[in-house]
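Novice: Quick one: this structure, given as structure tokens, is what I'll be asking you about.
The values are calculated or read from the model by the stated rules, or taken from the named source; none is laboratory data. Treat the numbers as computed from the prediction; the structure is a model and nothing was measured. Neighbour counts run over all protein chains shown; Cβ positions are idealised from the backbone, glycine included. SASA here: full protein model, heavy atoms, side chains in, ligands and nucleic acids out. Shrake-Rupley method; radii C 1.70, N 1.55, O 1.52, S 1.80 Å.
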Amino acid sequence: MRRDTMGIILTSNDRIPPITDIRANSALPIAGRYRIIDFVLSCMANSGITNIGVATEANYSSLMDHIKSGKPWDLDRKNWGLNILPPNLEKVSYGSIKGNIDILAGISDFIHRSQQTYVILSLGNSIYNIDFEEVVKNHIESQADVTILYKDMKGMPEREISRFTTLELDKENRITDIEVQPYYPKSSLASMDVYVMEKALLESIVDECSARGDRDFVKDALVKKMTGLRIYGYEYTGYTDKIDSLKAYYRNNMNFLNSDIRRELFNPKNPIYTKTKDQSPTKYGSDASVQNSFISDGCVIEGTVINSVLSRGVKVAKGAVIKNSIIMQDSVIEEDVELSHVVFDKEVNITKGRKLIGQESYPLAISKGTKI
């Protein structure tokens, strides 16, 4: 258990309209009843980290409602626990947030008060299930100043690898080059936007960057300091991806229907926790047909659902057919509706006889509360 380590989670400000119009990316539902932030929070909690700060630039309400006091992750504690941290604009250069250094500067009081020696800094919105205790242990043994988690994306198309910060390593796993979202990536080693270092070093980096007006942790801190810092890589071989676009959001939800990926991410030895709700089990009508789908509690299924992910309280009427789609909480699909490759936000109502068809590469997204 890592009692000497704290966690900081900065949610990404990547916009995925229309589903992030009302919420932070980390609060996006995934696999039905979970949220993206559940994965990194659970990994930290499973590794014995009991002091975790979560900071996001905007759209706090949905995220705050989901994580609240941190009880599902056993983080509702008198000392430390889970902290939601609005950035303090008085400590931000020029009074406005332009990058993750500004967010870190805004929560510098929390970082300074924390008594742990090491910090795990998570930037962005990724899903994975990793043992952070092993990562910190490796960081200490290698005598690194900074350790960056990465995944080898060999075999993926260049356009997909270009979504990531890529790394080049020598034979001793020391990082020799960093490129942020290169158009022509020279390496298939993709950063997971997770960094381990001493808390004192993070404070020094944030203070120096703020004083110089630098805004980006990777471009302005790590890249410019590569010759002066011992920056090492730690390879993660499990499933991971970041949710930075509608296409990525759709793809990762669909990947949960793969039993191998599902078993890996929902490993009972390292469970993924989430906020629980007291709802009745899903009700299936006499004509209901469900194949290879995630169906959350509280749904009423009287039609057909194939290769889809349904959140809590979704109603599917007789004759309705849903294929390869993501339907969020309390949406209503009326009789004889046909849906394929769509992403619905909460409380969408599709009236009788409608037909909405998207594509796997371009799913059709509908904003919250829409009636069609």
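Novice: Using label points projected 7 Å from each Cα along Cα→Cβ, tell me how many nm separate Arg354 and Asp336, to one decimal.
Specialist: 1.6 nm
Novice: For Lys225, list the lysines whose Cα falls under 22 Å from its own Cα; do not include residues on the same chain fewer than 8 positions away.
Specialist: Lys98, Lys171, Lys186, Lys199
Novice: Follow-up question, since we're still on this one. Which one, Gly124, Gly238, Gly32, has the greatest fluctuation when you compute a Gaussian network model over the chain with C-alpha springs under 10 angstrom?
Specialist: Looking only at Gly124, Gly238, Gly32, the largest GNM fluctuation is found for Gly238.
Novice: Starting from the amide H of Met192, placed 1.01 Å from N in the peptide plane, find each other amide H under 5 Å away whose residue is 5 or more places distant or on another chain.
Specialist: Leu149, Tyr150, Lys151
Novice: What is the calculated FRET efficiency for Thr176 to Lys137, with r their C-beta to C-beta distance and R₀ = 22 Å, to the nearest 0.05?
Specialist: Calculated value: 0.40.
Novice: Further question on the same structure: Percent of accessible area on the chain owned by carbon and sulfur, 1.4 Å probe?
Specialist: 44 percent
Novice: To the nearest 0.05, how large is the calculated FRET efficiency for Gln115 and Asp76 if R₀ is 22 Å and r is the Cβ-Cβ distance?
Specialist: Given R0 = 22 Å and the Cβ-Cβ separation, E is 0.70.
Novice: A further question on this structure: Please report, to two decimal places, log10 I(q)/I(0) for segment 14-59 at q = 0.20, 0.22, 0.30 Å⁻¹ as given by the Debye formula with identical point scatterers on the Cα atoms and no solvent.
Specialist: -0.73, -0.83, -1.11
Novice: Report, in listed order, any pair from Lys247/Lys346; Lys315/Lys355; Lys137/Lys269; Lys68/Lys283 with a Cα-Cα distance greater than 24 Å.
Specialist: Result: Lys68/Lys283 exceed 24 Å.
Novice: Between Ala200 and Ala288, 0.36 nm times their residue separation minus their Cα-Cα distance comes to what?
Specialist: 25.9 nm
Novice: Largest first and in whole Å, what are the equivalent-ellipsoid semi-axes of segment 286-368 based on the Cα gyration tensor, each being the root of 5 times an eigenvalue?
Specialist: In descending order the semi-axes read 16, 13, 13 Å.
Novice: Could you point to the label whose value was computed as Cα extents along the principal axes in Å for the structure here, given (1) 68, 52, 37; (2) 66, 47, 43; (3) 67, 41, 37?
Specialist: Entry (2).
Novice: Separate question: Compute the FRET efficiency between Ile22 and Gln279 as 1/(1 + (r/R0)^6), taking r as their Cβ-Cβ distance and R0 = 30 Å, and round to the nearest 0.05.
Specialist: The value I calculate is 0.85.
Novice: Further question on the same structure: I'm checking a number: the convex hull volume of the Cα atoms of segment 1-143, normalised per residue, in Å³. What is it?
Specialist: 120 Å³
Novice: Whole-Hz ³J(HN,Hα) for each residue in segment 144-151, computed from phi via Karplus 6.51 cos²θ - 1.76 cosθ + 1.60 with θ = phi - 60°, x for glycine and proline: what do you get?
Specialist: These are the phi-based 3J(HN,Hα) values: 7, 7, 9, 10, 10, 6, 9, 10 Hz.
Novice: Let me ask something else. Suppose every Lys and Arg Cβ carries +1 and every Asp and Glu Cβ carries -1, with no other charges. What dipole size does the chain come out with about its Cα centre, to the nearest 20 debye?
Specialist: Computed charge dipole of the chain: roughly 720 debye.
Novice: What fraction of the DSSP beta bridges in the chain is antiparallel, stated in percent and rounded to the nearest 5?
Specialist: 30 percent
Novice: Could you give the size of the charge dipole of segment 144-236 about its Cα centre, using +1 on the Cβ of each K and R and -1 on the Cβ of each D and E, expressed in debye and rounded to the nearest 20?
Specialist: Computed about the Cα centre, the dipole is about 160 debye.
Novice: Using Cα-Cα distances under 8 Å and only pairs 6 or more residues apart, what relative contact order does segment 315-372 have, in percent?
Specialist: Across segment 315-372, relative contact order equals 31 percent.
Novice: How much length would be gained if the chain were fully extended between Asp152 and Asp207, taking 0.36 nm per residue of separation minus their Cα-Cα distance, in nm to one decimal?
Specialist: 16.6 nm
Novice: List the chymotrypsin sites (Phe, Trp or Tyr not before Pro) within segment 163-250 that DSSP assigns to loop and that have no more than 12 neighbouring Cβ atoms inside 10 Å.
Specialist: Here the chymotrypsin sites (Phe, Trp or Tyr not before Pro) that fit, given the DSSP loop and packing criteria, are Tyr183.
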